[in-house]
Structure formats: structure tokens, C-alpha cells
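The values are calculated or read from the model by the stated rules, or taken from the named source; none is laboratory data. Computed from a predicted structure; not experimentally measured. Ideal geometry is used to build each Cβ from the backbone, glycine not excepted, and the neighbour counts take in all protein chains shown. With ligands, DNA and RNA removed, areas are computed over all heavy atoms of the protein, side chains included. Shrake-Rupley method; radii C 1.70, N 1.55, O 1.52, S 1.80 Å.
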Amino acid sequence: MNPKNYFLQALLRNVCLFALGILLVTYSADAPQWIVMACGILFMLPGLVTLLALFTDKSAAYMPMVPFTAGGSILFGIYLLCFPQSFIAFLLYALAGVMILFGTTGCLNVWQARVNDARVSPWHFLFPILLFVAGVLVIIFWNEVAELPFLIIGYSLIIYAPLQLVTAFVIHRSIKRTMLEAKEEVLIQVDESTSETPEENN
């Protein structure tokens, strides 16, 4: 392994990761929207290809459901492309509803167990209540919640890239040191062999 090439590759890789982290933190509000729009394009393309193949390839066997599935894929892709925010809101509201339902069910189960004289500590209410509160907060702050994963990823990359670059520098120095030691050992062995050769000739 060439230590110079290794360090240059590590430098380029971590600079790119650092830049990506800054972009995610800076544009975290727009990142969910762009990802949903990209998913919309990915839904549209297979549907369009399928319809084109269906109408242009006369030798292909006709399947009655193919136009409907392809058309559904195209329509869903258009919806994601045109209304990404509403789709994000729908997903987060659905997630919040599930969290509130599970939190309420957990509280009711603990309460019923305590009514039936089961030895259940009041601390068992903690996690269902936290889940319920988290679901309510998702409904109230759904836009901020959508940004949160991208902020976490962005800050993680900003922290990770410099630390990984320091690690790469340490490995780079270690590789150079190992190569120098190997060269010195070879030179010592060559000197020993040349110094022994005249004695053997005598």
C-alpha cells in the first residue's frame, strides 16, 4: 500500500463527507421534500417504461392488469413529485397516530393490571406515557420532526470526517514507519552478507 495514495484517498473521502454533512445541516428543511420527489421520479420511470414497452412491442403477451399497475405507479409518482409536503405530513401523522395508540393501550394495560391487584409498579406507566407524549409532539411539530434525521446525520458526518482524517493520518505515519523499518532491515542484511563474503573467500 502506497502511504501517499492512501492518505490522499482518505483526505478526499473525508472532505466529501464533511461537505455532505454541512449541506445536510444547512438544507435539512428541504431534504425530506427532495427525497420524496426523487422517490416520485423512481415510481414514474418504471410505469412509463412498462407502458411504452406494452404499446411498442407487439410481440409481448398482453396482460390486462399491466396498464392499471403501470398507470397507478405513474400517478403515485406524479403525486409525490407535485405534493411532497402533504405526503410527508401524512406519513408523520400516521406514525404519530400509531405512537398515541400504543401509548394509550400501554397505559390502559398497566392500569387494568393494577386494578386486578397485580404487583405492577407505577413506573410501568412511564414508557407508555412518553410514547403518547412523543406522538402528540410529532403532530404539533411534524415539520421539525421531518428535519431531525437529516440534522443528526449531518452533524454526525461533520464530527466523523475530521476524526476519521486524524485516524487516516496516524495510519499513514504507521505505514511509512513500517516501510522504513523494512528497508533498514534489508540494508542491514545486505551489509552483513557483503561483510561475510570476503571472509568466506579467504
Return the residues of region 110-154 that are surrounded by 15 or more Cβ atoms within 10 Å (Cβ to Cβ) and under 25 Å from ILE35 (Cβ atoms); say none if nothing qualifies.
ALA134, GLY135, VAL138, ILE139, TRP142, VAL145, ALA146, GLU147, PHE150, LEU151, ILE153, GLY154
Taking region 81-121, which residues are within 18 Å of ALA146 (Cα to Cα), without any contact (Cβ under 8 Å) to a residue 40 or more places away in the chain and of a type in the set (Gly, Ala, Ser)?
SER86, ALA94, GLY97
For region 73-105, what are the residues that are crowded, with 18+ Cβ neighbours inside 10 Å, of a type in the set (Gly, Ala, Ser) and under 18 Å from LEU137 (Cα atoms)?
ALA96, GLY103
Determine which member of the set LYS183, LYS176 is closer than 22 Å to LEU12 by Cβ and either at pLDDT below 75 or open to solvent by 90 Å² or more (accessible area, probe 1.4 Å) (or both).
LYS176
Just checking, how many residues over region 160-173 are touching a residue at least 24 places away in the same chain (Cβ under 8 Å), open to solvent by 70 Å² or more (accessible area, probe 1.4 Å) and hydrophobic (A, V, I, L, M, F, W, C)?
1
